[in-house]
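A quick write-up on the structure given underneath.
No lab work stands behind these numbers, since they all come straight from the coordinates. This structure is a prediction, so every number in the text was calculated from the model and none was measured. Here the Cβ is made from the backbone with ideal geometry for all residues, glycine too, and neighbour counts use every protein chain on show.
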Amino acid sequence: ADPLVAAVHRLLGHADQVRKLGVRANADTPDDARRAHRFGATGIGLCRTEHMFLGERRELVERLILADGPDELTAALDALLPLQRADFVGILAAMNGLPVTIRLLDPPLHEFLPPLAELTARVARAEALGRDPGRDATLLAAVRRMHEANPMLGLRGVRLGLVVPGLFAMQVRAVAEAAAQRIRAGGDPRPEIMVPLVGDVRELAAVRDEAERVLATVDGAPEIPIGTMIEVPRAALTAGEIAAEAHFFSFGTNDLTQTAWAFSRDDVEGSFFSTYLERGIFPVSPFETIDARGVGRLIRLAVAEGRAARPELTIGVCGEHGGDPDSVAFFAEAGLDYVSCSPYRVPIARLAAGRAAVEPTTGTSDSR
Ligand code: PEP
Ligand code: MG
């Protein structure tokens, strides 16, 4: 064996012994989950479900969006259910015996339709050739109807789940049925259900009520904790209320940074932050290393109020910061239970968590 590799493994083993922070991974597929496990992740902190609505399933999602009345909507959801169940069986099997936090659908539904420009061009071409644009015209009308000036601040996350009847219930059923199936096969599934973009406890309570009604109807399902992302400032500011309805919190620091700074995370590259960084106005992008004085204060406040309301509350982070060493030091100090990051960053997060345990004063570079 390569002595360097052996030394790295010894170092990681040492870090694992001293660290108090758990290290999970963000993974959406069984392959990613297995890779994360090989890198030492002890669970999945974020399984995004949006990719499960892409590719060959796009047509089913289109049916869902174009559904005319409750019967068509139910039929579209019924068609998606077995596919979602199979996705979850795969990921629960790959992480047998370890927690897998499955997040309910987050993005706006029109993201699953072809872009406006493409549809407009297709319809125009058909019309120019004297052909009936057919389905494309219907899709175009739907995309226009669903247009939002600020989709990131629009009908996504929990809002979507509360507006489209049965959507979250289908996903919750798929999780519960997948877990029941794994148990029948002798497995030890540990799914958790996470609600995105909650800003008010009443949103979470409504989803939780519906989810618990669904869970009660699935034979052989295990107990499934239901928790929430904390990724908008209002959720952090009302964390005490929200904790009353949540088994766990997970900070979505990508959105929390975006919303606290009022700056689009998708435009950060090449926009004014680059000038700030070049001119040394900021030492580092707040999307890379946690901004301890702003976003970090929201996190500390939410941890304190969340734990005061529910001492056994499990608290993690699943934004990109979960794999950034300086941010990991901050999360350790703030008293989080785990960080969750991309599979490839798991070893770095393990080392950073170990270092934070032996050198607790190592803060972020911007933690004045
Ligand atoms: C986040 O906002 O930090 C997060 C993990 O969710 P997503 O990146 O999917 O919005
Ligand atoms: Mg988010």
For region 191-211, check the following and say yes or no: at least one residue is within 26 Å of Arg297 (Cβ to Cβ), among the β-branched types (Val, Ile, Thr) and part of a loop (DSSP other than H, G, I, E, B). yes
Only one of Ala41, Ala75, Ala117, Ala121 is more than 16 Å from ligand 2 (Cβ to nearest atom), assigned to a loop (DSSP other than H, G, I, E, B) and among the aliphatic types (A, V, I, L, M), namely Ala41
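For region 224-238, give me each residue that is farther than 16 Å from Leu46 by Cα and within 16 Å of ligand 1 (Cβ to nearest atom). Please lay out each step first, then the result.
First, pick out the residues of region 224-238 that are farther than 16 Å from Leu46 by Cα: 232-238.
Within region 224-238, Val232, Pro233, Arg234, Ala235, Ala236 meet the criteria.
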Residue pairs qualifying under the 9 Å Cβ cut-off, at least six apart or on distinct chains, with the first in region 247-261 being within 12 Å of Leu197 (Cα to Cα) and within 7 Å of ligand 1 (Cβ to nearest atom) and the second being aromatic (Phe, Trp, Tyr) and not in a helix (DSSP H, G or I), are Thr253/Phe287; Asn254/Phe287
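Which residues, counting only those in region 328-358, are within 16 Å of ligand 2 (Cβ to nearest atom) and among the hydroxyl-bearing types (Ser, Thr, Tyr)? Please lay out each step first, then the result.
If we filter region 328-358 for residues that are within 16 Å of ligand 2 (Cβ to nearest atom), which is where we start, we get 339-342.
If the condition is that a residue be within 16 Å of ligand 2 (Cβ to nearest atom) and among the hydroxyl-bearing types (Ser, Thr, Tyr), then Ser340, Ser342 are the ones that fit.
Among helices (runs of 4 or more DSSP H) lying entirely in region 234-328, which contain 1 or more residues that are more than 20 Å from the chain's Cα centre (by Cα) and among the β-branched types (Val, Ile, Thr)?
On the way: elements: 239-243, 253-261, 272-278, 295-309.
So the answer is 272-278.
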When region 124-160 is checked residue by residue, the ones that are buried (at least 17 other Cβ atoms within 10 Å of the Cβ), outside any helix (DSSP H, G or I) and within 16 Å of ligand 2 (Cβ to nearest atom) are Arg156, Gly157
Could you please find all residues in region 49-63 being within 16 Å of ligand 2 (Cβ to nearest atom) and either of a type in the set (Asp, Glu) or within 25 Å of Ala332 (Cβ to Cβ) (or both)? Glu50
